[in-house]
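S.K.: Okay, handing you the structure first.
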Amino acid sequence: VAASKPVLNDAVEARKPGVDYDAIDPVKTHKVAELKHTVPLTSCRVDPTGRFIVAGAEDLDIHVWDYESKTKRTLKGHTSWVRSFDFSADGNTLYSACWGGDIKAWNLLDTEPKSKLTIQAHQGSARWVRLSPDQTKLATCGNDLLVKLWDLENGKLLQSFAGHERHVYAVEFHPDGKHLVSQDLMGVIHVWDLH
């Protein structure tokens with residue numbers, strides 16, 4: 001009878017090479033903060049610099065916590081739950097997409113940020129927003145089955161891509177900036193050429 005290999009050994013063998021797992025101290029891996037809000041949160045993201053933690057909530061607001069001080073500011077202006085966020089590379093500008101179909105841009109360095117750009121992007125929910133690698137365009141998608149590309153300078157629609165047969169849930173730029181990838185409710189991924 002052949003001896004079976006213990007399951008634990010399979011897990012150990014599946015670990016990443018070069019990582020000293022024995023050096024990880026479980027006592028040191030613990031929660032360092034808990035940020036709470038009074039109603040359920042619908043999304044959250046950390047900016048690329050690590051300064052801000054943002055969350056959308058069922059109260060239709062965006063809540064921005066300063067990572068160091070844990071102080072919170074509230075951004076008002078959306079008409080429905082915020083579903084998705086993205087940031088400029090420097091973390092100063094926040095882009096948000098809401099279930100009401102609009103996209104907003106916010107300057108997080110303002111003491112009382114107001115939306116500096118609003119785009120009525122989709123009929124029904126705007127599910128996702130992403131900034132292009134060159135920081136000049138926004139890609140959005142929504143329940144209207146469309147993926148859209150927007151000029152950030154003037155908020156004008158550059159291109160609209162049709163082809164999904166169900167709600168489009170997410171869109172991402174390829175790092176080359178020449179392609180978009182979108183994914184829908186039925187598990188279909190489309191790759192779009194932007195040229």
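The values are calculated or read from the model by the stated rules, or taken from the named source; none is laboratory data. Remember, it's a predicted structure, so these values are computed and weren't measured experimentally. All Cβ positions, even for glycine, are placed from backbone atoms using ideal geometry, and neighbour counts span all protein chains on display.
S.K.: I want to confirm something. Restricting to the range 170-195 and keeping residues that are part of a strand (DSSP E or B) and among the aliphatic types (A, V, I, L, M), which single residue is farthest from residue 150 (Cα to Cα)? Break it down stepwise before answering.
M.R.: To start, the set of residues in the range 170-195 that are part of a strand (DSSP E or B) comprises 170-173, 179-184, 189-193.
With the extra rule that they be among the aliphatic types (A, V, I, L, M), the set shrinks to 170-171, 180-181, 189, 191.
Values: 170: 16, 171: 13, 180: 13, 181: 15, 189: 21, 191: 17 Å.
This residue is 189.
S.K.: Of the residues 138, 149, 158, which single one is assigned to a strand (DSSP E or B), in contact with an Asp or Glu (Cβ under 6 Å, 6 or more places away or on another chain) and over 23 Å from residue 65 (Cβ atoms)?
M.R.: Just a single option satisfies the conditions, and that option is 158.
S.K.: Among the candidates 179, 164, 122, single out the residue that is surrounded by fewer than 17 Cβ atoms within 10 Å (Cβ to Cβ) and not β-branched (Val, Ile, Thr). Quick ask: steps written out before the conclusion?
M.R.: Details: 164 fails: surrounded by fewer than 17 Cβ atoms within 10 Å (Cβ to Cβ); 122 fails: surrounded by fewer than 17 Cβ atoms within 10 Å (Cβ to Cβ).
Just one listed residue meets the conditions, 179.
S.K.: Could I ask something else about it? Only one of these conditions is not met by residue 116: (1) outside any loop (DSSP other than H, G, I, E, B); (2) of a type in the set (D, E, K, R); (3) at pLDDT 95 or above. Which number is it?
M.R.: Answer for residue 116: the failing condition is (3).
S.K.: Looking at 128, 99, can you tell me which residue is more than 27 Å from residue 178 (Cβ to Cβ) and of a type outside the set (Asp, Glu)?
M.R.: Just a single option satisfies the conditions, and that option is 99.
S.K.: Look at residue 111 and say whether it is closer than 24 Å to residue 152 by Cβ and touching a strand residue (DSSP E or B) at 6+ places or on another chain (Cβ under 9 Å).
M.R.: Working: closer than 24 Å to residue 152 by Cβ: yes; touching a strand residue (DSSP E or B) at 6+ places or on another chain (Cβ under 9 Å): yes.
The answer is yes for residue 111.
S.K.: Same structure again: Look through 185, 157 and report the one residue that is closer than 15 Å to residue 126 by Cα, at pLDDT below 95, surrounded by fewer than 16 Cβ atoms within 10 Å (Cβ to Cβ) and in contact with a strand residue (DSSP E or B) (Cβ under 8 Å, 6 or more places away or on another chain).
M.R.: Values: 157 fails: at pLDDT below 95.
Testing whether each residue is closer than 15 Å to residue 126 by Cα, at pLDDT below 95, surrounded by fewer than 16 Cβ atoms within 10 Å (Cβ to Cβ) and in contact with a strand residue (DSSP E or B) (Cβ under 8 Å, 6 or more places away or on another chain) leaves just 185.
S.K.: Right, something else. Under the condition of being modelled with pLDDT under 95 and of a type in the set (Ser, Thr, Tyr), which residue from the range 39-65 is nearest to the chain's Cα centre (by Cα)?
M.R.: Here the answer is 43.
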